[in-house]
1. With every protein chain in place, what's the accessible area of residue B:167 (1.4 Å probe, Å², nearest 10)?
2. Starting from the Cα of residue C:30, step 7 Å toward the Cβ, then list every residue of segment C:56-84 with an amide N under 19 Å from that point.
3. Determine how large the accessible area of residue C:90 is when every protein chain is in place; take a 1.4 Å probe and give Å² rounded to the nearest 10.
4. Given only helices, namely DSSP H runs of n ≥ 4 each adding -39500 (n - 2.57), what is the per-residue ellipticity at 222 nm of chain B, to the nearest 500 deg cm²/dmol?
5. Given 5 Å bins starting at zero, what is the percent of C-alpha pairs of segment B:333-393 in each, up to the one with the largest pair distance?
6. Explain nothing, just the number: relative contact order of chain A, from Cα pairs under 8 Å at least 6 residues apart, as a whole percent.
7. Tell me, how many Å apart are the Cα centres for segment B:90-110 and for segment C:20-80?
8. What angle do you read, to the nearest 10 degrees and between 0 and 90, between the alpha-carbon axis of helix A:11-22 and the longest principal axis of chain A?
Amino acid sequence: MGLMDQVELPQPVKYVFNWGRKYSLWCFNFGLACCAIEFIAASTSRHDFIRHGVIPFAHGPRQADLLVVSGTLTDKMAPAVKRLYEEMPEPKYVISFGSCANCGGPYWDSYSVTKGVDQIIPVDVYVPGCPPRPEALLDGIIALQDRIQHESLKDRIAGRRLDPVTLGADAPLALEGR
Amino acid sequence: MSDLDTKERIQPGTAPGEDVAFEIHGDGDFPTADMSLSIGPAHPATHGVFRIVLEMDGERVREARPVIGYMHRGFEKLAEYRDYRQIKALVNRHDWLSGFSNELGVALAVEKMMEMEVPDRAQWIRMLIAEWNRILNHLMFIGSYAIELGAITPMFYAFREREDIQHLLESATGGRLHFTYNQPGGLKIDLPKGFLRESQRLSTVVRERLPDYFDLVLGNEIFQGRTKGIGPLPSDVALSIGVTGPTLQATGVAEDPRVTEPYLKYGEIDVPVPVGENGDSFDRFSCLLRRIQASLDIIDQVHDHVPPGPVNSKLPKMVKAPEGATYVRTENPLGQLGYWLESDGGRTPWRLKMRTPSFSNVQAIPYLMEGVLLPDAISILGSVFFVVGDIDR
Amino acid sequence: MSGVLARRDRALTPEETEELLRDRLGDGVRNSLQEFGIFTVWIAQDSWSEAARRCRDEPLLAYDMFDHLTAVDAREHGFDVLVVLYSTSTGNRIVLRTRCEGGREAPTCPSITETYRGANWMEREAYDMFGIDFPGHPSLEPRLLTVENFEGYPLRKDFHLTSRAAKPWPGVAEPKELDEEGNVIEKEARIGDAPGPYELDKAMAEQAKLANPLPEPETVEGEIAEELAEDAQVAPDSGEVLAGTGEQAAETLEKQATEQAAADADAETQGSAQAARAKAEQRRQEQVAARARKAAERADPGSGGAAADGIDQETFDRLIAEGKSERIARSKAKAAYIKRQRAEQRAAEGEDDGGEQDA
């Protein structure tokens, strides 16, 4: 990372730098359950999130910037998710896609389900829905890109994260013009 | 390579707590050690979080051990805490590619115990949507199986159709994956205006596009080379394991509850059951593909039958199944889905056992993979169609 | 469609099956039961494996397909293990059921993996979920579905979900929330009603209201509310309480009829739209006739009549005559009725409240 973790970039450089970063997110899909199908639907021709600069074909966590956790996280699976997250290089972002990944969803009272992926890894954007529509994922990606654009890489590397965005709660139904 | 090197190389692939035992095979200059190869739980070759541990002797699989439970969410316990109307929202999530068929089983079981009359219109509509759901499911597997064998294009073709069908079903049910359209005694609401016409149109469209898949996948030389003669499953073994659905039909057994124990109105129409010959990967896949055609045939017949009338019968104030137990099985897209429903007369079931097709089908994997080459193992894994949530529940 | 149905005619009846099993197993067969179309045979624990083997190998039974094996909590008696078998040749299904030995502490049941391969995982699952030991099984460990160090057996009834104890039901209504008669309390949601108690729900409701302004005259609910609001003594929620079931039924009937017409219109795609329209028109007329008929029935005091329904018959008749739909007429008549009642009440103050309102 060199200098970047020590000095704040000058504003114009930061702008260009972040602009470059936000439109080349290599995405690693951690497809766990139903939401993974909607994730795939979002990546195919009808919804096509590649037009937002998200590339869904990361070969593994080591090549990825963005981790999309889509589906129910069980206690048996949790260590693997944590390990994959740790394998990703900084700066890395996490989208929690679907109710199960957000909070346990319909399995809130189950004995074997982790109640939210945020219990083991930090999350940047929560996308609610069971499962959310592909459009919701697009919305989540745009929200994440907004955040990346205004982000200070120095802070990020130092581990100072902004509060997570919850689609719908912070911007009700995400209807305002973007 | 020294023994120590091998050990270090192999260790990370094995699960904690597993013994790493080495057995040296061969002699002279090329002794080989057994290697334990752990594929998954997150691996591109296994759709979903499915893990399989292969004991390899060189390129050959000596023993395959599927490790499941990574998607175990405790459905059967949760169902005991929810009343009969809430269960449907739960059950249509275990096999997430066939939501409607899942909830249909529960509705049928409850109706059977409560001796409810379901209006004809509701039964025909249930069939219609169940068949569309079957096509949705099979399309997904066409895409994913092709990806596992190295072809990306069929996935995009499959999702073109999937989006259209999902759009159609959404207009009636409001859901893209989980429809929650059934309820004990009928359906939630009636079909929207113009649904049948649209459904008719779409059935023609899908039928016209179907040859694409036959040419693109089934007719592909590479595909044939990788699947023909790979992993044949004899029918007696399949039955003894409890394998059902396209995997069973590929072995030549035309066992399909829609024909042998007709539920809904399947008895009144002609239900084609495609069967294979020797139950290898190619047959399994070709059965799956031909089942789409069969479903389209059924859909076309259903269009001529849907009568006018109400779609739900009046529910009693409380949905309470009487004391006793029953078993209902339906033909889910991946095989037979059975619900063993045992009630103590209360508002929630005493026991709701889901006999899911994937759980039984996956049990065939150790048998199929014995002695095959590693690339063939992938071809077998993909062709025993399963959904991880359906295995683990 | 090969020879599946070939030997269907030779399939044994449940009685014959039981007789055959009794002949082969002696006392091994305890009793049998047929309920909800399922034939269950209770087997003594000692004959369990033998029974499974007989079911497969007897040529007359030929239960070749292993469907599933599972366990059921039998309260203080311990646990039951049951196996469902199916015969592809005869189309018969049988459920063999046995009670585990060892009570709730150490339940055991012989394994049938040697007869049916599919029992392997099913028994592991039963071990996982109920803690039933299956002597003769190749290896029940490691645990199949739960994490390896999981404590307890989740499907036992004495295993409670800790999340439920720690946290109340997150939905709007707890499923066990019932009124006195045992009905689940249900409220009809309308546009603009917040679906839940949270801030987000309210925000969503606001937005929904903006996006879909309430349709004006047809719903009449607004009018009733207005009319009722004039009457100072009317409690704000009594209007809702009055939205009775009879009215809803009429509404559904009406809707179904229209949709029926629509479905018919659907069916006739080949140009005969006119015919469909004529049909729909005819149906509408039938509906009107039915409405009139129903109104007449209601007017008849012998069949329940106006008083029980709690509507003002005069207003109702007038509105029907004016050609309003029955639903609207009924709602308005009801409002008028309430008004009149209140007025009467006020007139005779201190007297007993009219019990008819609860009807």
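1. Accessible area of residue B:167: about 120 Å².
2. Counting backbone N atoms under 19 Å from the label point, the list is C:69-84.
3. 10 Å²
4. -13500 deg cm²/dmol
5. Taking every Cα pair in segment B:333-393, the percentages come to 4, 17, 20, 17, 14, 10, 7, 5, 4, 2, 1.
6. That works out to 24 percent.
7. Using only Cα atoms, the two centres lie 28 Å from each other.
8. It is inclined by approximately 30 degrees.
The values are calculated or read from the model by the stated rules, or taken from the named source; none is laboratory data. Everything numeric here is computed off the predicted structure, so don't read it as measured data. With ideal geometry, Cβ positions are generated from the backbone for all residues, glycine too; neighbour counts draw on all protein chains shown. Ligands, DNA and RNA are excluded from the accessible area calculation, which covers all protein heavy atoms including side chains. Shrake-Rupley method; radii C 1.70, N 1.55, O 1.52, S 1.80 Å.
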